[in-house]
1. Applying 1/(1 + (r/R0)^6) with R0 = 35 Å to the Cβ-Cβ distance of Arg198 and Asn224, what FRET efficiency is obtained, to the nearest 0.05?
2. For the chain, what is the convex hull volume of its Cα atoms per residue in Å³?
3. Working from the alpha-carbon coordinates of the stretch 481-594, get Rg over Rh, Rh being the Kirkwood radius.
4. Quick one: if you take sqrt(5λ) for each eigenvalue of the C-alpha gyration tensor of the stretch 421-520, what semi-axes come out, biggest first, whole angstrom?
5. I need the Kirkwood Rh of the stretch 121-258: take the reciprocal of the average 1/r across all distinct C-alpha pairs and report it in angstrom.
6. How much length is gained if the chain between Gln52 and Phe450 is pulled fully straight, taking 0.36 nm per residue apart and subtracting their Cα-Cα distance, in nm to one decimal?
7. Pull out a ≥ b ≥ c, the square roots of the eigenvalues of the alpha-carbon gyration tensor of the stretch 589-673, then state rounded if a/c is under 1.5, prolate if not and a/b is larger than b/c, and oblate in the remaining case.
8. How large is the charge dipole for the stretch 351-464, taken about the Cα centre, if only the Cβ atoms of Lys, Arg (+1) and Asp, Glu (-1) carry charge, to the nearest 20 debye?
Amino acid sequence: MSILTFPLARITIGFVAGILGAYYLNPNPECIFILLLLAGIVFSITYFLSKQITINPLYFGFATYFLAMGIGATTQIIHTDSYQQSNYVHDPTIFEKPHLISVTVREKLRSSAYNDRYIAIVNKIDTKKHSGRILLNVRKDSLNHPFEIGTHLRIKGALYKNSLAKNPNQFDYGKYLENKQIYAQLYADAAEIQTGSRLDKDPWYYTSKLRTKIIHNLEKNHFNKAELNVAIALILGQQQEISPDIIRDYQYAGAVHILSVSGLHIGFILLFVTFLLKPFPNTRRGSFIKLIIILLSLSLFGLIAGLAPSVVRSVAMFSFVAIGMYLRRSTNIYHTLLVSILLILLFQPSFLFDVGFQLSYIALFFILWLQPLLAQLWVPKNKVTNYFWEILTVSFAAQIGAFPLSIYYFHQFPGLFFVTNLVIIPFLSLIMGLGVLVMVLAAFDYVPLFLAKGFEWSILILNKIINAIASLEQFIIRDIPFNWPLLVSFYLLIVSLVLWFKKPSFNRLALSLIAIFILQITYFETHWTNQSQKEFVIFHSKKNTLITERNGENSTLFANDSLLKTASENKTLTSYLMGNFSHLKSKKKLQNTLYFQDKKILVLDSLGVYPKNSTPDIVVLTQSPKINLERMFQTLKPEMVVADGSNYKTYISLWEASCLKMKIPFHATGKKGFYRLD
């Protein structure tokens with residue numbers, strides 16, 4: 001049976017469409033609830049009519065889609081914290097002045113260079129109860145005592161809204177936080193924080209305590225710090241303490257997925273627990289007890305691993321596999337996949353916008369759909385050869401599925417991914433088995449030295465293999481320009497080719513040729529659009545001035561000498577060039593006068609010197625020039641004033657007031673983001 005003929009597939013599609021509609025259209029909640037009511041009425045009428053009289057099945061099908069979309073949109077509204085009236089964003093004074101904020105620490109994040117970072121739940125602001133999640137940044141000091149999960153804190157400070165991306169094609173960290181229901185950040189010194197005596201002993205507290213206990217027991221066995229951090233990520237899914245160099249190695253080698261708990265890890269846990277429960281009798285009662293133990297083990301592991309989207313997806317899917325095993329039914333893995341998607345999004349619709357969730361599901365789908373086809377291309381008679389061939393086909397199937405999406409998000413591709421998987425997957429089975437055993441024993445305060453050292457050395461060898469592969473940087477393709485029309489057309493081509501490959505026919509061949517034509521049209525349309533564009537961009541760059549003039553695919557950089565030398569390493573510039581399918585044609589030292597089309601642009605630096613007879617259209621203030629802006633306006637009479645990120649904030653405030661007084665438009669890149677002329 002085709003997967004799309006399965007009713008749940010169509011319901012899931014409608015449900016996901018409803019979530020997307022509510023997310024992007026941002027509708028009034030009352031309208032969504034009315035829509036759901038109407039959908040329920042239409043569905044009920046068509047259902048009863050189909051029972052009483054013969055009606056076209058299409059009507060009932062459309063009613064079902066309509067109801068699924070209504071449920072999806074309602075779910076998105078209900079689970080979006082900003083729609084809750086108790087959420088702190090509805091307080092009109094919340095971002096205007098400091099408050100006494102009471103929070104509970106929920107999760108420890110990776111620390112930055114200057115701050116320890118936590119996700120915290122808001123309990124009270126001043127004397128009023130509020131709800132919501134914030135990102136708490138605690139400045140590091142010499143004592144640096146981390147807060148325990150569940151700790152109540154009282155902090156006097158100001159909440160800051162998530163800032164939008166300041167530069168074009170830049171990663172929007174504010175939007176990323178918003179998708180995680182975090183709408184503000186709070187910065188505080190450890191000395192300014194009052195720690196409460198009460199702890200919230202919820203599941204997050206106990207799982208954090210268990211992780212801490214395991215780590216402490218391994219540290220007592222003198223487990224090397226670098227290997228321990230990788231082990232904790234590999235087995236428990238906690239990446240907070242891994243060094244950036246190690247993560248970069250895993251990314252370059254195409255193995256970063258093994259540091260995130262996913263289907264590979266949860267599947268191993270299922271097999272491991274099933275093996276331990278073999279002594280249980282296969283009676284009805286014994287099988288039921290085994291099922292309960294397996295489900296509890298998977299759920300507990302998911303909690304310990306922090307309930308990341310990939311973890312929740314894998315736990316949900318393998319829980320249905322375990323239930324299918326208990327019911328003695330041949331579980332259709334596609335149906336299991338759909339049920340897990342539907343249940344996860346029903347309780348956490350924001351996971352749909354998580355990159356890890358998207359990549360894990362698309363990779364798993366292609367493994368199930370494409371890998372059997374690739375495996376049939378060659379069937380080795382030797383078992384060892386066949387084992388490695390299976391690994392290779394699984395790796396290729398997953399990469400083919402995830403390739404367009406990973407290029408769209410990360411704009412790079414590890415060319416040696418298949419070598420990495422061939423080498424480490426067999427080795428990983430040994431590491432996982434040994435690691436789970438060591439972690440379980442560590443939870444019970446018993447870690448035999450020979451097991452701990454064996455686990456440590458296996459991680460050390462794994463890291464060295466990954467580092468050796470990652471060091472071959474010539475095989476890493478970076479800065480690949482890719483947009484969403486290319487993403488859609490690329491997937492259309494992959495799906496049509498796989499369909500034709502599975503069952504060749506004229507219609508499927510025609511579909512593949514059409515998909516190739518669509519991809520070509522999309523590429524040339526993107527190329528033509530960018531070729532016809534001209535723009536002048538003043539970026540937001542702290543302490544420096546960065547200006548680019550782009551004419552189609554050719555860009556010219558204007559900056560000081562130090563930036564010109566490191567232009568190829570400047571992330572702001574490379575992101576802009578990649579996002580616009582362009583390249584850096586020339587680099588020029590920043591001059592005081594620039595021209596773009598019919599606009600004259602005067603750049604004032606720290607000297608504050610400008611020609612009295614100049615009549616610029618735009619004045620760009622850089623490096624905090626000490627000038628009387630009102631006097632300059634009387635002389636130059638500009639149409640627009642732009643202040644970039646190299647200026648002092650106090651100066652920018654004064655300039656903004658002067659421009660407001662003189663009724664001249666003012667644009668500060670630190671507040672409004674980059675400035676563009678086109």
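The values are calculated or read from the model by the stated rules, or taken from the named source; none is laboratory data. Quantities reported herein were computed from a predicted structural model and do not represent experimental measurements. So basically every Cβ, Gly included, is an ideal-geometry build from the backbone, and we count neighbours across all protein chains shown. Protein only, heavy atoms only, side chains kept; ligands, DNA and RNA dropped before computing areas. Shrake-Rupley method; radii C 1.70, N 1.55, O 1.52, S 1.80 Å.
1. FRET efficiency, Arg198 to Asn224: 0.45.
2. Numbers: hull volume 152.0 nm³, N = 678.
Once divided by residue count, the hull of the chain is 224 Å³.
3. On the way: Rg = 19.9 Å, Rh = 16.5 Å.
In the stretch 481-594, Rg relative to Rh is 1.21.
4. On the way: eigenvalues 430, 71, 32 Å².
Output for the stretch 421-520: semi-axes of 46, 19, 13 Å.
5. Numbers: mean 1/r = 0.0556 Å⁻¹.
18.0 Å is the Kirkwood radius here.
6. On the way: separation 398, 0.36 × 398 = 143.28 nm, distance 7.24 nm.
Full extension of this stretch gives 136.0 nm more.
7. Working: a/c = 1.34, a/b = 1.19, b/c = 1.13.
Verdict is rounded for the stretch 589-673.
8. Values: 4 positive and 4 negative charges, 70 e Å.
That gives a dipole near 340 debye.
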